[in-house]
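The values are calculated or read from the model by the stated rules, or taken from the named source; none is laboratory data. Worth saying up front: this structure is predicted, and the values here are computed from it rather than measured. Heads up, the Cβs are rebuilt from the backbone with ideal geometry, glycines too, and the neighbour counts pull from every protein chain shown.
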Amino acid sequence: MSAPQMVDQPLEGHFETVVAAEQRIEPRDWMPDAYRATLVRQIAQHAHSEIIGMQPEGNWLTRAPSLRRKAILLAKAQDEAGHGLYLYAAAETLGVDRAELTDKLISGRQKYSSIFNYPTLTFADVGVIGWLVDGAAICNQVPLCRCSYGPYARAMVRICKEESFHQRQGYELLMTLMRGTDTQRRMVQDAVDRWWWPSLMMFGPPDDDSPNTAQSMAWRIKRHTNDELRQRFVDMTVPQAQHLGVTLPDPALSWNEERGSWDFGEPDWSELKQVIKGQGPCNTQRVERRRAAHEDGAWVREAAVAYAAKRRAEAGAGGAGDHRDEDEGAGR
Ligand code: 3HC
């Protein structure tokens, strides 16, 4: 166990003032140990989700129905990889190492989003993931652009712009399928039926069962509670479902005039707990796949380290101008 943090009053005061004034805490600023640990936990979980999140849709890359759909899907998966990298870089500003975070993911010591533990059974799932899962991600992540920790907030700005493209490509794909045959419309409805509840669970447990929310909100890491964001998502999505012509699989869904919001049913929280514990339909497969990809990529990491060492040695031995030809050669 690490020694308790010695609290320097002026530093702590400065931290509190910066957070209260909606300014940013930066990597070299003093911060409470627990604030740092909370950020590492959340940012690492978020980064892992982006990386694992490539798998369900990656399943359809070789089977996309046209070149256009394949190019869109490929671009989306590459965006997710980029998001993972920005987020690992943000986590590293807090003093953790990306290799250590990856190791924690593949050994089951760190979490990733529950949503990526469900299978993608048809190509309509690609559209529904874009519409619902990326739609939920946008609801959850736009407020994180105002998070109190600078590197996380800045990473989220670009991520959210790209998520918005992901959401639109999903909706456009579904609109196309809905204009198609009866079989295609049934495919969309089936995918909506399977992804609706898991999408609501993405926002986390209900507020009265969310141990981290109160402190994370006080530190302005989270800007809204899990239930607030879930409600915002439902209110945003119901009219989109109506426009699309699909039924959301919730008999309790009804407009509440007084609240100016949609009432909706209770997700199956025991299912969320099971999935978070690693017992969802695809947990084992997802982590195994990530582990295999990490192991298969060992030679790339070794080559990058060897190349960096060679460049350092050359820089020590001669002038910078000597490197140009060799650098270009290495890139070929
Ligand atoms: N899946 C897996 N674990 C979850 C979860 C979910 N959907 N929801 C909550 N949890 C975990 C929490 O991590 C926490 O675990 P821990 O304390 O053991 O680490 C526990 O359940 C209790 O939940 P809390 O509500 O107290 O936890 P948080 O305050 O951290 O809130 C959160 C959870 C809302 C997911 C928050 O961490 C968050 O906003 N994270 C950033 C966004 C993120 O990670 N999104 C994941 C999806 S990324 C994505 O969608 C990619 C896109 O391309 C589609």
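One table, with the values for the structure above:
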item	result
Residue selected from segment 85-116 under the condition in a helix (DSSP H, G or I) and near the ligand (Cβ under 9 Å from one of its atoms), by the criterion surrounded by the most Cβ atoms within 10 Å (Cβ to Cβ)	Leu87
Residue within segment 210-222 that is at pLDDT 95 or above, under 28 Å from Gly127 (Cα atoms) and either near the ligand (Cβ under 10 Å from one of its atoms) or not hydrophobic (A, V, I, L, M, F, W, C) (or both) present	no
Unmet criterion (only one of (1) more than 30 Å from Glu172 (Cβ to Cβ); (2) in contact (Cβ under 8 Å) with a residue 12 or more places away in the chain; (3) touching a Pro at 6+ places or on another chain (Cβ under 9 Å)) for Gln215	(3)
Search result, residues across segment 241-263 that are touching a residue at least 60 places away in the same chain (Cβ under 8 Å) and more than 20 Å from Glu57 (Cβ to Cβ)	Gly245
Residues satisfying the stated conditions in segment 241-292, i.e. among the small types (Gly, Ala, Ser), outside any helix (DSSP H, G or I) and within 21 Å of the chain's Cα centre (by Cα)	Gly280
Residue match in segment 18-36 (condition: more than 14 Å from Thr93 (Cβ to Cβ) and among the hydroxyl-bearing types (Ser, Thr, Tyr))	no
Candidate set from segment 286-310 (those that are in contact (Cβ under 8 Å) with a residue 60 or more places away in the chain and of a type outside the set (Lys, Arg)); member that is surrounded by the most Cβ atoms within 10 Å (Cβ to Cβ)	Val287
Close pairs (8 angstrom Cβ cut-off, 6 or more residues apart or separate chains): closer than 12 Å to Gln215 by Cα in segment 25-45, assigned to a helix (DSSP H, G or I) and within 10 Å of the ligand (Cβ to nearest atom) anywhere	Ala34/Gln215; Thr38/Gln215; Thr38/Ser216; Leu39/Tyr152
Criterion violated by Pro119 - all others in (1) assigned to a helix (DSSP H, G or I); (2) under 28 Å from Pro249 (Cα atoms); (3) more than 9 Å from the ligand (Cβ to nearest atom) satisfied	(1)
Counted residues, segment 161-196 - those being within 15 Å of the ligand (Cβ to nearest atom) and either among the small types (Gly, Ala, Ser) or surrounded by fewer than 18 Cβ atoms within 10 Å (Cβ to Cβ) (or both)	6
Evaluation of Pro27 against (1) within 13 Å of the ligand (Cβ to nearest atom); (2) in contact with a Ser or Thr (Cβ under 6 Å, 6 or more places away or on another chain) (one fails), failing number	(1)
Of the criteria (1) within 13 Å of the ligand (Cβ to nearest atom); (2) out of contact with any helix residue (DSSP H, G or I) (no Cβ under 9 Å at 6 or more places or on another chain); (3) not β-branched (Val, Ile, Thr), which one Arg146 fails	(2)
Search result, residues across segment 251-284 that are of a type in the set (Phe, Trp, Tyr) and either out of contact with any Leu (no Cβ under 9 Å at 6 or more places or on another chain) or within 22 Å of Leu105 (Cβ to Cβ) (or both)	Trp255, Trp269
Flag if Gly58 is of a type in the set (Gly, Ala, Ser) and surrounded by 15 or more Cβ atoms within 10 Å (Cβ to Cβ)	yes
